[in-house]
Amino acid sequence: MEFLGNSYGVDGWLLIQKDDKISTIYVTPEGGLIRGGLFDPAGLPVTAQQITAYKARMNGSQGAVPGAEKGGASKAETVYAQVEKSNWVRVGSKDAPYMYVFMNVGCDHCQDFWKKLQPSVKAGSLQLRLVPFGREDINRDGGAALLSADKPGDAWQQFIDGKLEALAKDKIKGDALERIDANTKLVRTAEIPGPLPFSIYRKLTDGTVTAIVGEPDNIMVVQADLMKNE
């Protein structure tokens, strides 16, 4: 069984049998089961769109399952969908495979993790989506400044290099503090574990969502998971 997403209030599931025959089942909020296809109010086939999106995830698309943030999917898929809708900044090429990294600005391990991944980011083979959070002033204000930066990668690197003013409180713009607080709330409600950094991504090799707590033992394994199949 593979979760297809939540549309029009029902959870869709793809059933794949041993002989490769497939069928779809939809689960209502009350627990009822409906076997067959789902159509939108205009009569267009929602099920076909969901299956197309599922096949794309199996073949390299890293997007979250539509509607998975509402629950119904596995814990990993639910959290991944919630993270996709969180407040993050992109560092690296927008066309590169990506991973989400929950981090505190003042976290030494988060800074070390960045240094290990920086060559791949600079080479254009990896994109990081940094999700700053925290309640302490250095993490809350620094994270809000990072969300406010026009070039977050440069600001983050300058901060690591000792230029603390790069992520100073006076760099905060707009509702960045509220967005940091929303990230901090997500860490609590999604029960994201420590120690930091916490990374989550969809493998390009088989489409599964993978999470890493702390710095990985072997960074090459992570990079292999995110290597595009040419």
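The values are calculated or read from the model by the stated rules, or taken from the named source; none is laboratory data. Source: prediction; values computed, not measured. Quick reminder, even Gly has a Cβ in these numbers, built from the backbone with ideal geometry, and neighbours come from all protein chains shown.
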- Query: Does Ile192 meet the test of being modelled with pLDDT under 95 and hydrophobic (A, V, I, L, M, F, W, C)?
  - Reply: yes
- What are the residues in the range 181-230 that are polar (S, T, N, Q) and part of a loop (DSSP other than H, G, I, E, B), if any? Thr205, Thr208, Asn218, Asn229
- Item | Test result for Lys94, among the basic types (Lys, Arg), not in a helix (DSSP H, G or I) and not assigned by TED's automatic domain parsing to the domain that holds Asn6 | yes
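Let's see how each residue does on (1) surrounded by fewer than 22 Cβ atoms within 10 Å (Cβ to Cβ); (2) at pLDDT 90 or above; (3) of a type in the set (Phe, Trp, Tyr); (4) closer than 19 Å to Ser7 by Cα:
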{"residue": "Gln62", "(1), (2), (3), (4)": "yes, yes, no, no"}
{"residue": "Ala73", "(1), (2), (3), (4)": "no, no, no, yes"}
{"residue": "Ser93", "(1), (2), (3), (4)": "yes, yes, no, no"}
{"residue": "Met103", "(1), (2), (3), (4)": "no, yes, no, no"}
{"residue": "Cys107", "(1), (2), (3), (4)": "yes, yes, no, no"}
{"residue": "Phe113", "(1), (2), (3), (4)": "no, yes, yes, no"}
- strands (runs of 3 or more DSSP E) within the range 1-78 that include 2 or more residues within 15 Å of Thr208 (Cα to Cα): 2-7
- Give the number of residues within the range 117-146 that are closer than 17 Å to Glu215 by Cβ and either loosely packed, with under 13 Cβ neighbours inside 10 Å or at pLDDT 95 or above (or both). 4
- Query: Of Lys151, Lys185, Lys228, which residue is within 21 Å of the chain's Cα centre (by Cα), at pLDDT below 95 and farther than 19 Å from His109 by Cα?
  - Reply: Lys228
